[in-house]
């Protein structure tokens, strides 16, 4: 039998017992400790997770608000209006936006008002400026109306958007631009959010070069660490880059212990397969009671390993770029999100139409890198042409992972599939 992937080799060395993805996720999520809350300025809260729910302290809008430039008046005064019967009302006030009305409106009177200004007491409608006429008589201004007006027209009533005591934002909400607007409108100038977790990152492998080093025979540049750094930032964490280390068990042990002392979680890449120099597997096995799992029923990344040291998670991902990427999305991302109090830490599941045939067959669930396209209002998913675990370049073109269950013996274009939506935008084809 020919084995195409190192992670497919027999598991005699590490005595692996494969877990289903859901069970493995549950195990790591048990150690996703919610981090302490901190206050940040409103303008620094975007992209953070709200620690406490926001209850509105006052109605919004806080007053009856004009939706037009025009005249505030009593609708009943216009009931007899017609093309041949213009009704003239005395203008008793002018209310620019931000001002407070100086007089109440009584029958036969009106107030000039600007968009967004407070509607005066007594008035129940606002007539557009463009459909009115005006005249001056004995130093008094009058406004003329030719059509009957309905009560409530062009008036946004107090509390229409929010009433006192309404829930504005729930705890665990990822704050975006619209949330910033709501927070600002409620007078929240500092926001309580959960601290960003510090995530230690290092790679193992004597074959690794730094990004700025020239290529050498038998060597590769360390692309996983920069990718993980970006993924951690994208998930809301603060990456702590610890470099790459050679295949040295003592050095790895020291580096891991130091990282766990100063970080909330440590992610490694490489050294978890079954080769003679795969040191992370050896390191995790040293305290087998702390191991959460060292094999998952998934492709790519079945050798993904997780352990706990001092109550903190150590997540060892495959050194293969594709497997490293998928392992992060399934296990690291939700942990980092939950540490920040995310109400929905996992990637969203969508239903899409398979864009092309997919023939690969597996004994494990496969997470296929793919791109999404919207065609005629329907979301289509197109599997990457090359989806091998070791392939790096297709990661950049992927905005979802197609979930292919093990019972599937190939799927045809047009089939409905479940996808995990990765962060980022999709576009109409």
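So is residue 360 without any contact (Cβ under 8 Å) to a residue 24 or more places away in the chain and not in a strand (DSSP E or B) or not? So residue 360 fails the test. Of the strands (runs of 3 or more DSSP E) lying entirely inside the stretch 90-145, those containing at least 2 residues that are surrounded by 13 or more Cβ atoms within 10 Å (Cβ to Cβ) and without any contact (Cβ under 8 Å) to a residue 40 or more places away in the chain span 109-113.
Whether any residue in the stretch 354-361 is at pLDDT 95 or above and either under 21 Å from the mean Cα position of the chain (by Cα) or closer than 30 Å to residue 271 by Cβ (or both) is what I want to check. There is no residue in the stretch 354-361 that is at pLDDT 95 or above and either under 21 Å from the mean Cα position of the chain (by Cα) or closer than 30 Å to residue 271 by Cβ (or both). Against the definition (exposed (fewer than 14 other Cβ atoms within 10 Å of the Cβ) and free of Cβ contacts under 8 Å to residues at least 60 places away in the same chain), how does residue 87 come out, yes or no? No. Taken over the stretch 412-427, the criterion of being over 15 Å from residue 325 (Cα atoms) and crowded, with 19+ Cβ neighbours inside 10 Å is satisfied by 417, 419.
Listed residues 327, 301; which is without any contact (Cβ under 8 Å) to a residue 40 or more places away in the chain and crowded, with 24+ Cβ neighbours inside 10 Å? So that I can check it myself, show each step before the final result.
Details: 301 fails: without any contact (Cβ under 8 Å) to a residue 40 or more places away in the chain.
Unique residue meeting the criteria: 327.
The residue that is nearest to the chain's Cα centre (by Cα), counting only those in the stretch 170-201 that are buried (at least 17 other Cβ atoms within 10 Å of the Cβ) and part of a helix (DSSP H, G or I), is 179.
Collect the residues in the stretch 146-157 that are surrounded by 16 or more Cβ atoms within 10 Å (Cβ to Cβ) and either farther than 11 Å from residue 66 by Cα or free of Cβ contacts under 8 Å to residues at least 24 places away in the same chain (or both), keeping them in residue-number order.
Initial filter on the stretch 146-157 (surrounded by 16 or more Cβ atoms within 10 Å (Cβ to Cβ)): 149, 154-156.
If the condition is that a residue be surrounded by 16 or more Cβ atoms within 10 Å (Cβ to Cβ) and either farther than 11 Å from residue 66 by Cα or free of Cβ contacts under 8 Å to residues at least 24 places away in the same chain (or both), then 149 is the only one that fits.
Apart from one condition, residue 310 fits all of (1) surrounded by fewer than 15 Cβ atoms within 10 Å (Cβ to Cβ); (2) out of contact with any helix residue (DSSP H, G or I) (no Cβ under 7 Å at 6 or more places or on another chain); (3) in the same structural domain as residue 29 (by TED's automatic domain parsing); the exception is (2). Just to be sure before I move on: is residue 261 modelled with pLDDT of 85 or more and assigned to a helix (DSSP H, G or I) in the structure I sent? It is true that residue 261 is modelled with pLDDT of 85 or more and assigned to a helix (DSSP H, G or I). Put simply, of 374, 386, 395 the only residue that is surrounded by 15 or more Cβ atoms within 10 Å (Cβ to Cβ) and in the same structural domain as residue 407 (by TED's automatic domain parsing) is 395.
The values are calculated or read from the model by the stated rules, or taken from the named source; none is laboratory data. Please read all numbers here as calculations on a predicted model, not as lab measurements. As a convention, Cβ positions derive from the backbone with ideal geometry for all residues, glycine included, and neighbour counts pool all protein chains shown.
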